[in-house]
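Working notes for the structure below.
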Amino acid sequence: MKLIAVLAHPDDAEIWAGGTIRKHTQRGDEAHLVYMAATADSVRGREAQRGAAILGAQVSFIDLPDGQVRDTPEACERVRSILQQFAPDILITHWIDDMHPDHAATASVVQHVLPFVISHIGKAPRLWACDTYFSTGVRGTFTPDIYVDVTEQWSQKLAAIRAHQSQRPESWIARAERQCGLHGHRYTPPEAPLERFYAEGFKRVIPFGFVTAVDYLDF
């Protein structure tokens, strides 16, 4: 299986989906992280490469300035090319209702290019939106319909977050503890052990251009 995460900033993958990414690479799946902002030779780009290595993933950069991620034809073309080459089975990106403009623009780029990618690669990857700051969005609360148990991957997720030393990682770790702990509390099956249980939460998304989930999944 091949998983790709297209996200706005270096460290977004670790914060919102690091445990899920590591869970896949541990079982032999391919993982690729694509960041809209930063360049490979910048401070944040080098941190992203260290974080990706901890998760067992490859990393690419779209090279847009931080704070200036926009849904432009140029950005769409770069993302489309990477997605078509990688041909993912699972695609993780931001929620379209995310309150951070860079995050929402990234989600918009992915939504716009995905129908073309699907047509090119001949399959429909599962599209998952990741959590947001305080699970809030411009039109309401982020409520996951997918929970991934990342308890066994928790230490590696935290190590990958700490690879981003320019971003005050301990504050993000505190936030991840709260949000993933809450998701774990919601998700924990009755037979689970009583010790701390962590989960990452995602929403299933129907891409632009598809009327229903059946149309999308039956492509």
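The values are calculated or read from the model by the stated rules, or taken from the named source; none is laboratory data. Note that the coordinates shown come from a computational prediction; the quantities given were computed from them, not determined experimentally. Cβ sites come from the backbone with ideal geometry, for glycine too, and all protein chains shown count toward neighbours. For accessibility, only protein heavy atoms count, side chains too; no ligands or nucleic acids. Shrake-Rupley method; radii C 1.70, N 1.55, O 1.52, S 1.80 Å.
Things worth noting here:
- Any hit, the range 54-68, residues being out of contact with any helix residue (DSSP H, G or I) (no Cβ under 9 Å at 6 or more places or on another chain) and either among the charged types (D, E, K, R) or open to solvent by 10 Å² or more (accessible area, probe 1.4 Å) (or both): yes
- Single residue of the range 159-180 satisfying the filter (without any contact (Cβ under 8 Å) to a residue 40 or more places away in the chain and either touching a Ser or Thr at 6+ places or on another chain (Cβ under 9 Å) or under 15 Å from Tyr198 (Cα atoms) (or both)) that is surrounded by the most Cβ atoms within 10 Å (Cβ to Cβ): Ile173
- Per-region count, the range 118-132, residues open to solvent by 10 Å² or more (accessible area, probe 1.4 Å) and in contact with a strand residue (DSSP E or B) (Cβ under 8 Å, 6 or more places away or on another chain): 2
- Search result, residues across the range 19-33 that are surrounded by fewer than 24 Cβ atoms within 10 Å (Cβ to Cβ) and either farther than 24 Å from Gln153 by Cβ or not small (Gly, Ala, Ser) (or both): Lys23, His24, Thr25, Gln26, Arg27, Asp29, Glu30, His32
- Flag if Thr188 is of a type outside the set (Lys, Arg), free of Cβ contacts under 8 Å to residues at least 12 places away in the same chain, open to solvent by less than 60 Å² (accessible area, probe 1.4 Å) and out of contact with any Pro (no Cβ under 7 Å at 6 or more places or on another chain): yes
- Residues considered: Ala104, Ala129, Ala124, Ala52. Of these, the only one that is under 14 Å from the mean Cα position of the chain (by Cα) and within 23 Å of Gly28 (Cβ to Cβ) is Ala52.
- Exactly one residue among Arg70, Arg46 is touching a residue at least 24 places away in the same chain (Cβ under 8 Å), over 17 Å from the mean Cα position of the chain (by Cα) and not in a strand (DSSP E or B), and that residue is Arg70.
- Breaking point among (1) over 23 Å from Trp172 (Cβ atoms); (2) open to solvent by less than 30 Å² (accessible area, probe 1.4 Å), for Thr93: (1)
- Test result for Pro88, under 25 Å from Thr136 (Cβ atoms), open to solvent by less than 10 Å² (accessible area, probe 1.4 Å) and assigned to a loop (DSSP other than H, G, I, E, B): no
- Residue count for the range 22-43 under the criterion of being touching a residue at least 12 places away in the same chain (Cβ under 8 Å) and over 18 Å from Ala8 (Cβ atoms): the result is 7.
- The condition of being of a type outside the set (Phe, Trp, Tyr), in a helix (DSSP H, G or I), touching a helix residue (DSSP H, G or I) at 6+ places or on another chain (Cβ under 7 Å) and modelled with pLDDT of 95 or more holds for His120.
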